[in-house]
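For reference, the structure discussed in these notes is given below.
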Amino acid sequence: MRVYLAKNLREANKNSAADNRKILGEHGVLMVNMMGSPGCGKTSLLEETLKRLSPKYRLAVIEGDLYTAEDAQRLKPWTSEIVQINTEGACHLEANYIGHLLTQNSPSLLDAEILFIENIGNLVCPAEFDLGEDIRVTLLSVTEGNDKPRKYPLAFKETGAILITKLDLLDYVNFNLERATLDLKIINERSVIFPLSAKTGEGVETWCNWLESLLKKKRK
Amino acid sequence: MHELSIVSSLIEIIATDAREKGLQEVTFVRLIIGALSSANPRAIEFALEHAKSGSILEGASFEIVVEEAQSKCVNCATLFEPQLPFLMCPSCGTPSSSFEKGREIYIDYYEGE
Ligand SMILES: Nc1nc2c(ncn2[C@@H]2O[C@H](COP(=O)(O)OP(=O)(O)OP(=O)(O)O)[C@@H](O)[C@H]2O)c(=O)[nH]1
Ligand SMILES: [Mg+2]
Ligand SMILES: [Zn+2]
């Protein structure tokens, strides 16, 4: 016999993401899913962000990493609410891992006002998996080159904010900020773009203010 | 390499459905992979051959069809095959349209007895 299913293989992930969104909504937690290439500066920016926001807000972090807990260690000074997920080679986080943490292993994550997720360093796969986040953020460092938005458009198309990082290195690399901004605007006209540097702190305040405004909107 | 997670969810969905219908074995599966789904058909095929052993799909063969992507212009509603990165509408030139087809991976049907 032939059985027509027309069943989407990412449906399970979509359902878990919807569950997560509901739980986060009930607790008023703003979840921020951060993705970008290996070494684009996710953890460095999180350090600077937590440094600025932790005096005012309860913050938590889920650190996705293939094998190590090094990034989680770097964030310890700013919050004790850090959970490490080692994917043992898997290239992205999935919504059911996050759901498992929220409902079973680490329900105290729901006491936070902002929950950051550092996704696995990868510009392709994480974009395919909704985690139930309120906002998806894609980082692009100036050292990666101008062509990355054109080469990996899907990572930039389906995101709410694009952070152009390591701005302090702009003079040393042939990254054309105007051209990149233009390309990004064409690929994703809705996204906001923040150029910034975790090293000098330039632009970090603006990004933090934006997060605060999202949080206020959510908890209103 | 998220092909493995796609494949394990395929096997789980079909195995559950086949068991509910009282089938003994699954012989054939037709799978549709969107051209812009970020999954590689060959890698899926390879993963399937490995993952099926020991399951109700052990003896199954697979047909994998790549579905062309389709976009709809946000401005003039023209349907067209999108060219990355800008997804420019061929009739009015507006960029950044949404996808109608080609981002998903789904099971069309399976056969069993
Ligand atoms: N000059 C400069 N270097 C930076 C900046 N941000 C990060 N870096 C450096 O870039 C390297 C990678 O930074 P991380 O923050 O670890 O990057 P990541 O994206 O978390 O990396 P993975 O988690 O391994 O994918 C480190 O050597 C940082 O010191 C910046 O704003 N300016
Ligand atoms: Mg990191
Ligand atoms: Zn058009």
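Matching residues to (1) crowded, with 22+ Cβ neighbours inside 10 Å; (2) within 17 Å of the chain's Cα centre (by Cα); (3) modelled with pLDDT under 95:
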| site | (1), (2), (3) |
| --- | --- |
| A:Ala6 | no, no, yes |
| A:Glu11 | no, no, yes |
| A:Ala17 | no, yes, no |
| A:Lys22 | no, no, no |
| A:Met34 | yes, yes, no |
| A:Thr49 | yes, yes, no |
| A:Tyr57 | no, no, no |
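Limited to region A:27-73, what total is found for residues that are closer than 24 Å to A:Glu205 by Cβ, in a helix (DSSP H, G or I) and away from ligand 2 (no atom under 14 Å from the Cβ)?
3
From the list A:Glu189, A:Glu158, which one is open to solvent by 60 Å² or more (accessible area, probe 1.4 Å), within 16 Å of A:Met34 (Cα to Cα) and charged (D, E, K, R)?
A:Glu158
Tell me which of these A:Thr143 doesn't satisfy, since it passes every other one: (1) in contact with a Gly (Cβ under 8 Å, 6 or more places away or on another chain); (2) within 14 Å of ligand 1 (Cβ to nearest atom).
(1)
Scanning region A:136-148 for residues that are touching a strand residue (DSSP E or B) at 6+ places or on another chain (Cβ under 7 Å) and not hydrophobic (A, V, I, L, M, F, W, C), which turns out surrounded by the fewest Cβ atoms within 10 Å (Cβ to Cβ)?
So the residue we want is A:Lys148.
Determine whether region A:86-103 contains at least one residue that is open to solvent by 20 Å² or more (accessible area, probe 1.4 Å), at pLDDT 95 or above and within 14 Å of ligand 2 (Cβ to nearest atom).
No, that holds for no residue.
I'd like the residue in region B:92-112 that is within 7 Å of chain A (Cβ to nearest Cβ) and assigned to a loop (DSSP other than H, G, I, E, B) and, out of all such residues, is modelled with the highest pLDDT.
Applying the filter and picking the extreme gives B:Glu104.
Would you call A:Glu88 among the acidic types (Asp, Glu), more than 16 Å from the chain's Cα centre (by Cα) and within 14 Å of chain B (Cβ to nearest Cβ)?
Judged against the criteria, A:Glu88 is a match.
From the residues in region A:2-17 that are touching a Gly at 6+ places or on another chain (Cβ under 9 Å) and more than 7 Å from chain B (Cβ to nearest Cβ), which one is farthest from A:Leu131 (Cα to Cα)?
Taking region A:2-17 as the starting set, the residues that turn out to be touching a Gly at 6+ places or on another chain (Cβ under 9 Å) are A:2-3, A:16-17.
Next, from what is left, pick out any that are more than 7 Å from chain B (Cβ to nearest Cβ): A:16-17.
Values: A:Ser16: 8, A:Ala17: 5 Å.
So the residue we want is A:Ser16.
Being away from ligand 3 (no atom under 16 Å from the Cβ) and surrounded by fewer than 18 Cβ atoms within 10 Å (Cβ to Cβ) narrows it down to one of B:Ile44, B:Ile33, B:Ile64, so name that one.
On the way: B:Ile44 fails: surrounded by fewer than 18 Cβ atoms within 10 Å (Cβ to Cβ); B:Ile33 fails: surrounded by fewer than 18 Cβ atoms within 10 Å (Cβ to Cβ).
Unique residue meeting the criteria: B:Ile64.
Take A:Leu123 and decide whether it is within 11 Å of chain B (Cβ to nearest Cβ) and either modelled with pLDDT of 95 or more or at negative phi (or both).
yes
Here's the yes/no breakdown for (1) crowded, with 20+ Cβ neighbours inside 10 Å; (2) more than 12 Å from ligand 1 (Cβ to nearest atom); (3) not small (Gly, Ala, Ser):
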position	(1), (2), (3)
A:Ala69	no, no, no
A:Ser80	no, yes, no
A:Pro107	no, yes, yes
A:Glu113	no, yes, yes
A:Glu128	yes, yes, yes
A:Asp134	no, yes, yes
A:Lys166	yes, no, yes
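Mind listing whichever residues of region B:60-91 are hydroxyl-bearing (Ser, Thr, Tyr) and within 12 Å of chain A (Cβ to nearest Cβ)? Step through it out loud before you land on a result.
If we filter region B:60-91 for residues that are hydroxyl-bearing (Ser, Thr, Tyr), which is where we start, we get B:61, B:71, B:78, B:91.
Within region B:60-91, B:Ser71 is the sole residue that qualifies.
Would you mention how many residues in region B:1-29 are hydrophobic (A, V, I, L, M, F, W, C), open to solvent by 10 Å² or more (accessible area, probe 1.4 Å) and within 9 Å of chain A (Cβ to nearest Cβ)?
Summing the residues that are hydrophobic (A, V, I, L, M, F, W, C), open to solvent by 10 Å² or more (accessible area, probe 1.4 Å) and within 9 Å of chain A (Cβ to nearest Cβ) in region B:1-29 gives 5.
The values are calculated or read from the model by the stated rules, or taken from the named source; none is laboratory data. These figures come from a predicted structure and were not determined experimentally. Virtual Cβ from ideal backbone geometry, glycine too; neighbours counted across all protein chains shown. Remember, those area values only see protein heavy atoms, side chains included, never the ligands or the DNA or RNA. Shrake-Rupley method; radii C 1.70, N 1.55, O 1.52, S 1.80 Å.
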